[in-house]
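What follows is a short report on a single structure.
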Amino acid sequence: MMKKVRKDELIVPVTFIVFSILCFFLSGISFLFLAEQVALRFIRNIILVLALIFPIMAGMGLNFAVVIGTMITQACFIIVLNFNIMGGRGAALVLLISLAAAAGVGYVIGRLLNKVRGREMVTSIVVGFLANYIYQLIFVAGFGTVIHVFNKKLVLSTGIGVKNMVDLKTFKEVFDNLGVFRIGKAKISMLLLVMIIVCGFFVFYLMHTPLGQRIKAVGMSEEKAANIGIDTDRVRIIVIVLSTVFAALGQFVYLQNIGSLNVYTEHLDTEKFACAALLAGGASIRKAGVKNAFIGVVLLHTLFVLSPLAGRNAFANASLGEYFRSFVAYGIIAFALVVNLRLEQKGEK
Amino acid sequence: MGEYVLEVRNLEKYYGQNKVLDKVNLSIKKGQIYGLIGANGSGKSTLMNILFGNSVISGTGGYSGDVIFEGERTRFRSTTEAIGRGIGMIYQEFMLIPEMTVAENIKLTRENTKSIFGKASGSMLSFVDKRKDNEDAARVLEQLGFQIDNSYLVKNISVNAKQFVEIAREVNKEDLKLLLLDEPTAVLGDEDAGKLIKVLKELAKKGTSVLFCSHRLHEICQVCDHVTVLRDGQVISDYTKDELDMHTLARDMIGYDVAAVKKEHLNREKKEILKFQDFSVYMPGEYLDGLNLDVYQGEILGLTSLSGHGKLAVGYGVMGQFPVRGELLHGSAAMEVKNVRRTIEQGIFLLPDDRKNMGLLLEHSVRDNIIFSGFYGRNLFQKKMGGIFPVKDKKEIERYVEEQIEKLEIKCESADQKVKELSGGNQQKVCIARAVLVAPKVLFVMEPTRGVDIGAKEKILDMLVQINREQGTTIVVASSELEELKRISDRIAVFCEGKLSQILPPDASDEEFAFAFTGEEEEDGQ
Amino acid sequence: MDSRIKLPQIIITVFMAALFVLAGFLGMDIPELISGSFTKFVMNGVLVLAMIPMINAGVGMNFGLPVGIVAGLLGMCVAIQLRMTGIAGFLGAVALSVVPAVLLGLIYAKILNMVKGKEDIAAIFIGYSFIPIMNFVWTVIPFTNREMLYPVGAKGLRPKISLENYFGNVLNELMVLKLGKISVPLGLLITYAVMCLLVYGFFKTKGGSVMLAVGENEKFCQLSGIRIDRVRTMAIVLSTVIGAAGICVYAQTYGFVELYNAPLSHSFPAVSAILIGGCIGRQAKISHAVLGTYLYQTIYLLSAPIANAILIPQMSEIVRMIITNGIILYAFLKQERRRRQ
């Protein structure tokens, strides 16, 4: 069935394309380099963006708490390393426990968000911040005091606290040995690529199952869905669990590809950039699909790669390009919020 | 007593202090169409909500008494549970998902699936078989005798089509044992209503029981095997099919108590102060459709209807609380209802029915509430401190507030007491004192005696008449208490289904009112 | 009804007392800590006051505090450019920041009035997206005072401008009272008291009390002919102006004007301070702001040296932020429970 593309869905992506083209010429880099950079970032980011789709469909808005999923994966990497489990066994273990933990934590977040109906977004931001500091507390103060250190390479010379940078090469190699895919100089493990495709397909598939129908119904009208006999609380919890699990998986792919971990900063702001990417792809805080995620990640990262370079070339000041970049990321979220909430208000009247 | 699908025994339900259901008993046989009629606030919807396990009920303290479904004592905690046991419900405001297609809505929660991964995949996670869903939906709609393209989004279809989609969804349930209908024909034309009734009869023949709520008496008489009339939460009467008679039903529903006192009505010259021309108000749950009405200067005009039929929408429309269409003339000038401040400056004021959420500042004192609209809206009681800063003229305020407290007999410890600590009646008096200060030319009062004790009721009605007589204020009272309207009004406008049904003099017979309420016309059509 | 001291306040107070005891055990200079607590208190106190008008008008917590802060930074930068010094310099900076505060406040209000009911999430992102715009401005703005610019190389204003030669610490050093070992910065405390009185007084005027009424019941006020959006705009502008003044007080105590991303770090602590003071987001009193700021800042002040003593210096910042976000989350849950009742 052909669906007409609505005009307002196009405005944001088109603006991004125009700016990207402009920046491309200002930056003066080769197209190949750009493609390589964007492809790499796409692979690293796409699953996290997909994680945002479920809550939007269920009417819960942008789930900024996906950042918790990314932290869980990071924590699992450190813990597995601490037990000196390396290589393929280690990677598999990380994947397993991080997904399980994400499901558990997702359940708790889901319960919490059910208690603050109508304010899910702001609550998810605060929960994300809170989790970040608890995470820091564990790795800054917990390691070497409460948590026994088995792997001395992880901690600072004082014996307390994990180092800023942790090497994950031992896991990366496993994936790279299973076959890689090259774009320019960038290497991407085939296995990771398969995971991404499976994830994208899963989201698409899920939307065409009875569960997907329920999620959509809850998103469009919770009250009506409840009266039809859908357990809305349960659907909303499932949605957040899925979202958190996806985020954990996304971070696994990301770290696996990078091969190292900035313990305290790697996850910062990832949730906001993911939201910005989804919105750049033409999604709104009420409606989003796989298509928006794929297009959005490409568009946002193209601009992200280009704008500092364009800034340096055009104004002899790379930081201007960086300011522009953060303005785009945050501005698009603010814009989407205002436009959507205003429409909703008008709809009510 | 295995023959009954549903028995309700001694059902009682309170909302806070209000008893909304009082020892209600009814029993519905298998394959029976059971009618339930009652005016607003009679407890119909509450009863339905209990039977359907709506969370509103458990959220407000549950109920007492027994619901016996298929011979088994049950207490549904959620609609999901009730649906699982084979109960369906058709709502007055449709429970359809607007962004989904007709077929998706009909099959929602009961989708056909095809399994790609073999039988192992759980039904929630198998692929939806759209084609089969579409076929199913088409078949049901055909059964109903209603034709519509399955692939349309529900938001784009007409109101009566929506009604049929909703019915189709329920009828499509294979194990449907009891179907609850809340005013299902309200939005249907006669022809479509006829179709629906045919469907209900067929359903009943197949063994599904139906509980049918309606205010359209002739339909009730036409289809129901048994009818119960509810008033003020009590079962007033019970009739079998042979005993049904529209007049008796209407009287039972509205009630007999005629007020003893009727006021002498002054003859005034008829000068219009407000003129509604094709005035529609899009108020959710109280839609008002194309009102043409003149309000005369100095009169007390009563507005009444069953709940949800438009009496409240008039005032709220004038005060710009909801989107409106059409014209409203004040004198001869058209009014811009969106500009509430301007409306108030022109001397139009409203006291809302929802006192707690709209009519009072609960956390503020009696004094603050009384003077609020006058002080802030009309700049009364102002003096300038140091020639610049406007501050309250405390002495004047004190004098006025004391006077009003005495005059209206507001029972409070002092003017400093917080309004939320007062009883409903005294709160309403505070509202009236607030309106008096503004000295409006036209005063809209919504449900002035709701939640008010008897003594205070009298005082409030007296005050309204007094304001009208002494200050010449035109008063428009929207109320569901017909007897009270009869006592104070010069004319009473009755609404039905969002349209002005009749304007009656207060001494018109109860029968005339009853028919005006239900929009039945055969009696006065001669 | 909110005057009753509730559990969170008791916990926080006990926690603070425990920290004092712990600090004593670790042999720290208690009088100095107490003196420090006064400065810290006022330093952040005015920023917390910026929460009050918006909360009281029902606009919600002022997560967009960076907007007001930026206005204050602009005012101070102009004052430095004009080489204004001493108390006069400080007052000049405050006066100069009023104009941008009003202008930015009007824009901020315009946006918030479009998203009624979800102001907090919108305000957070207004703050976030406004900062990069200002970063751009800080980079290209043509100020010429060498002390404000990057010393070498890069263009634009430096991220931390010292106020030493202008109006740094002017209030802190004004009328310092020595009580034994404890020094009480009277000038600073008086400034704060005056600010509090001004806000308190405002809510006694007609404009202020109508704001309270709008916050309590918007529909009621509308039916009384009050223009809701106008009242809300007034509250938002007022909050922004107080925020601007607040950062001036903060900067003079701190001794530096912090530009670029620094304004972002003030909003959550300020929100959480007023919540700790006992406000749950419907009506905010001066007492909430005062008590909250004192408790919040003193805990922070005490925890830093204690964290250093146990060799994990980052601990105090982390614990502070856990408290900050935990309190905000608690307030959301509590508000929701209230709404359902």
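The values are calculated or read from the model by the stated rules, or taken from the named source; none is laboratory data. It should be emphasised that the depicted structure is a prediction, and the values quoted were computed from it without experimental measurement. Note that each Cβ is placed from the backbone with ideal geometry, even for glycine, and that neighbours are counted across all protein chains shown. Just so you know, the surface numbers come from the protein's heavy atoms only, side chains and all, with ligands and any DNA or RNA stripped out. Shrake-Rupley method; radii C 1.70, N 1.55, O 1.52, S 1.80 Å.
In terms of solvent-accessible area of protein heavy atoms at a 1.4 angstrom probe, what is the ranking of B:Glu336, B:Glu299, highest value first? Each step should come with its number before you reach the end.
On the way: B:Glu336 125, B:Glu299 10 Å².
Ranking B:Glu336, B:Glu299 by accessible area, largest first, yields B:Glu336, B:Glu299.
Which one, B:Leu291, B:Asn156, B:Val229, is farthest towards the positive end of the dipole of chain B when Lys and Arg carry +1 and Asp and Glu -1 on their Cβ?
B:Asn156
Determine the percent antiparallel among the DSSP beta bridges restricted to the protein assembly as shown, to the nearest 5. Don't jump to the answer; show the numbers that get you there.
Values: 65 of 102 bridges.
In the protein assembly as shown, DSSP labels about 65 percent of beta bridges as antiparallel.
Which value, in Å² rounded to 10, gives the accessible area of B:Asp510 with a 1.4 Å probe and all protein chains present?
B:Asp510 has an accessible surface of roughly 30 Å² with all protein chains in place.
Cβ neighbours within 10 Å, averaged per peptide: list A:245-254, A:309-318 in order, most packed at the top.
Values: A:245-254: 27.4, A:309-318: 17.4.
Going from most to least packed, we get A:245-254, A:309-318.
For B:Lys384 and B:Arg450, FRET efficiency with R0 = 35 Å and r from the beta-carbon atoms, rounded to 0.05?
Working: r = 41 Å, r/R0 = 1.17.
After rounding, the FRET efficiency stands at 0.30.
About the Cα centre, and with charges only on the beta carbon of Lys, Arg (+1) and Asp, Glu (-1), how big is the dipole of chain C? Nearest 20 debye, please. Please list the in-between numbers first.
Working: 27 positive and 14 negative charges, 190 e Å.
Dipole magnitude for chain C comes out near 920 debye.
What's the magnitude of the charge dipole for chain B around its Cα centre, counting Lys and Arg as +1 and Asp and Glu as -1 at the beta-carbon? Answer in Debye, nearest 20.
Details: 69 positive and 81 negative charges, 376 e Å.
Charge dipole of chain B: 1800 debye, to the nearest 20.
Note the direction-averaged projected area, equal to a quarter of the hull surface, for the Cα convex hull of segment B:294-518, in nm².
Details: hull surface 52.5 nm².
Quarter of the Cα hull surface area: 13.1 nm².
Could you state how much accessible area B:Lys392 has, in square angstrom rounded to the nearest 10, with a 1.4 Å probe and all protein chains kept in place?
Here the residue's solvent-accessible area equals roughly 60 Å².
Test of understanding: in a Gaussian network model of chain C with alpha carbons linked when under 10 Å, which of C:Ile52, C:Ile286, C:Ile11 would top the mean-square fluctuation ranking?
In this elastic network of chain C, the residue with the biggest mean-square fluctuation among C:Ile52, C:Ile286, C:Ile11 is C:Ile11.
How much of B:Cys221 can a 1.4 Å solvent probe reach, expressed as accessible area in Å² and rounded to 10?
30 Å²
Once both labels are modelled 7 Å past Cα along the beta-carbon direction, what's the A:Arg234-B:Asp149 spacing in nm?
The answer from the label model is 3.6 nm.
With the cut-off at 1.5 for a/c, could you classify chain B from its C-alpha gyration tensor as rounded, prolate or oblate? Before the final figure, lay out each step's value.
Working: a/c = 1.92, a/b = 1.79, b/c = 1.07.
Prolate shape, in that a/c is at least 1.5 and a/b is the bigger ratio.
Find which of A:Leu206, A:Ile196, A:Val239 sits farthest along the positive direction of the dipole of segment A:151-240, computed with +1 on the beta-carbon of Lys and Arg, -1 on that of Asp and Glu, about the Cα centre.
Of the options given, the answer is A:Ile196.
Nearest 500 deg cm²/dmol is fine: what mean residue ellipticity at 222 nm does chain B get from its DSSP H runs of n ≥ 4 alone, each adding -39,500 (n - 2.57), divided by its residue count? Mind dumping the intermediate values first?
Details: 17 runs with 169 residues, N = 526.
Computed mean residue ellipticity for chain B: -9500 deg cm²/dmol.
Go ahead and set up a Gaussian network model of chain A, Cα springs under 10 Å, then flag whichever of A:Ala131, A:Ala102, A:Ala58 fluctuates most.
For chain A, modelled as a Gaussian network with Cα springs under 10 Å, the answer is A:Ala131.
Pick out which of C:Leu291, C:Leu19, C:Leu329 has the largest mean-square fluctuation in a Gaussian network model of chain C, springs linking Cα atoms closer than 10 Å.
C:Leu329
If I take R0 = 25 Å and measure r between the Cβ atoms of B:Ser307 and B:Lys241 in this structure, what FRET efficiency does the formula 1/(1 + (r/R0)^6) give, to the nearest 0.05?
Numbers: r = 28 Å, r/R0 = 1.11.
The calculated FRET efficiency here is 0.35.
Here are some pairs, B:Lys173/B:Lys205; A:Lys115/C:Lys334; B:Lys441/B:Lys486; B:Lys29/B:Lys206; B:Lys429/B:Lys457; C:Lys40/C:Lys178; which of them have Cα atoms lying more than 20 Å apart in this structure? If you can, show how the numbers build up before the last one.
Details: B:Lys173/B:Lys205 16 Å; A:Lys115/C:Lys334 10 Å; B:Lys441/B:Lys486 22 Å; B:Lys29/B:Lys206 13 Å; B:Lys429/B:Lys457 10 Å; C:Lys40/C:Lys178 17 Å.
The answer is B:Lys441/B:Lys486.
Of C:Lys116/C:Lys206; A:Lys216/B:Lys311; B:Lys19/B:Lys395, which pairs sit farther than 32 Å apart, going by alpha carbon to alpha carbon? Intermediate results must be reported in sequence, preceding the final value.
Numbers: C:Lys116/C:Lys206 24 Å; A:Lys216/B:Lys311 36 Å; B:Lys19/B:Lys395 44 Å.
Result: A:Lys216/B:Lys311; B:Lys19/B:Lys395 exceed 32 Å.
Given the DSSP H assignment, sum -39500 (n - 2.57) over each helix run of at least 4 residues in chain A and divide by its residue total; what's the result at 222 nm in deg cm²/dmol, nearest 500? Could you put the intermediate results ahead of the total?
On the way: 14 runs with 250 residues, N = 349.
That calculation yields -24000 deg cm²/dmol at 222 nm.
Positive end of the charge dipole of chain A (Lys, Arg +1 and Asp, Glu -1 on Cβ, about the Cα centre): tell me which of A:Gly90, A:Phe33, A:Phe16 has its Cα farthest that way.
About the Cα centre, the residue reaching furthest to the positive side is A:Phe16.
Is the shape of segment A:2-344 rounded, prolate or oblate, going by the alpha carbon gyration tensor and its root eigenvalues a ≥ b ≥ c, with a/c under 1.5 for rounded and a/b larger than b/c for prolate? Before the final figure, lay out the partial values.
Working: a/c = 1.61, a/b = 1.10, b/c = 1.46.
Oblate is the answer for segment A:2-344, as a/c is 1.5 or above yet b/c matches or exceeds a/b.
Could you tell me the relative contact order of chain A? Use alpha-carbon pairs under 8 Å, at least six residues apart, and round to a whole percent. Before the final figure, lay out the partial values.
Working: 517 pairs, mean separation 116.6, N = 349.
Relative CO of chain A lands at 33 percent.
Can you classify chain C as rounded, prolate or oblate using the Cα gyration tensor, where a ≥ b ≥ c are the square roots of its eigenvalues, rounded means a/c under 1.5, and otherwise it's prolate if a/b beats b/c and oblate if not? Mind dumping the intermediate values first?
Numbers: a/c = 1.59, a/b = 1.09, b/c = 1.47.
Oblate, since a/c reaches 1.5 and b/c is not below a/b.
Please check which bits of segment C:5-46 a label hung off C:Lys178 would reach, taking the label as a point 7 Å along Cα-to-C-beta and the cut-off as backbone N under 20 Å.
C:29-39
With +1 on each Lys and Arg Cβ and -1 on each Asp and Glu Cβ, and nothing else charged, work out how big the dipole of segment A:2-344 is about its Cα centre, in Debye to the nearest 20. Could the numbers behind the result be given before it?
Working: 31 positive and 16 negative charges, 69 e Å.
Rounded to the nearest 20 debye, it is 320 debye.
Give a quick list of GluC sites (Glu not before Pro) in segment C:134-175 that DSSP marks as loop, anything other than H, G, I, E or B, with at most 14 other Cβ atoms within 10 Å. Let's see the in-between values first.
Values: sites: C:Glu147, C:Glu164, C:Glu173; in loops: C:Glu164, C:Glu173.
In loop regions of segment C:134-175 (DSSP not H, G, I, E or B), the sparsely surrounded GluC sites (Glu not before Pro) are C:Glu164, C:Glu173.
How do A:Glu322, B:Glu484, B:Glu470 stack up against each other in accessible area, from largest to smallest, with a 1.4 angstrom probe?
Details: A:Glu322 85, B:Glu484 20, B:Glu470 125 Å².
Result, largest first: B:Glu470, A:Glu322, B:Glu484.
With 28 Å as the limit, write out which pairs from B:Lys44/B:Lys195; B:Lys275/B:Lys356; A:Lys224/B:Lys418; B:Lys356/B:Lys411 have Cα-Cα distances beyond it, or answer none.
Beyond 28 Å between Cα atoms: B:Lys275/B:Lys356; A:Lys224/B:Lys418.
Name the lysines eligible as straight-distance cross-link partners of A:Lys163: C-alpha to C-alpha under 26 Å, and not fewer than 8 places from it in the same chain.
Answer for A:Lys163, where 26 Å is the Cα cut-off: A:Lys152, A:Lys153, A:Lys172, A:Lys272, listed by chain and number.
What percentage of all Cα-Cα pairs in the protein assembly as shown are separated by more than 48 Å? Can you show the working numbers first?
Numbers: 307485 of 738720 pairs.
Counting every Cα pair in the protein assembly as shown, those more than 48 Å apart make up 42 percent.
May I ask for the distance between the Cα centers of segment A:98-142 and segment C:62-138, given as a whole number of Å?
If you average the Cα positions of each part, the centres end up 31 Å apart.
Compare A:Ile230, A:Ile11 by solvent-accessible area with a 1.4 Å probe and give them largest first, with all protein chains kept in place.
Working: A:Ile230 5, A:Ile11 100 Å².
Ranked list, largest accessible area first: A:Ile11, A:Ile230.
Say a paramagnetic label sat at a point 7 Å from the Cα of A:Phe33, along Cα to Cβ; which residues of segment A:163-184 have their backbone N under 16 Å from it?
A:184
What aspartates and glutamates does B:Lys13 reach when the alpha-carbon gap must be under 15 Å and sequence neighbours fewer than 8 apart in one chain are set aside?
Result set, ordered by chain and number: B:Asp22, B:Asp66, B:Asp232.
Loop only per DSSP, at most 14 neighbouring Cβ atoms within 10 Å: give me the chymotrypsin sites (Phe, Trp or Tyr not before Pro) in segment B:160-256, ordered by residue number. Don't skip to the answer; put the middle values down first.
Values: sites: B:Phe164, B:Phe212, B:Tyr239, B:Tyr256; in loops: B:Tyr256.
Those that pass, being in a loop and sparsely packed, are B:Tyr256.
Using 0.36 nm per residue, how much length does the chain from B:Asn25 to B:Arg131 gain when fully extended, once their Cα-Cα distance is taken away?
Working: separation 106, 0.36 × 106 = 38.16 nm, distance 4.53 nm.
Length gained, B:Asn25 through B:Arg131: 33.6 nm.
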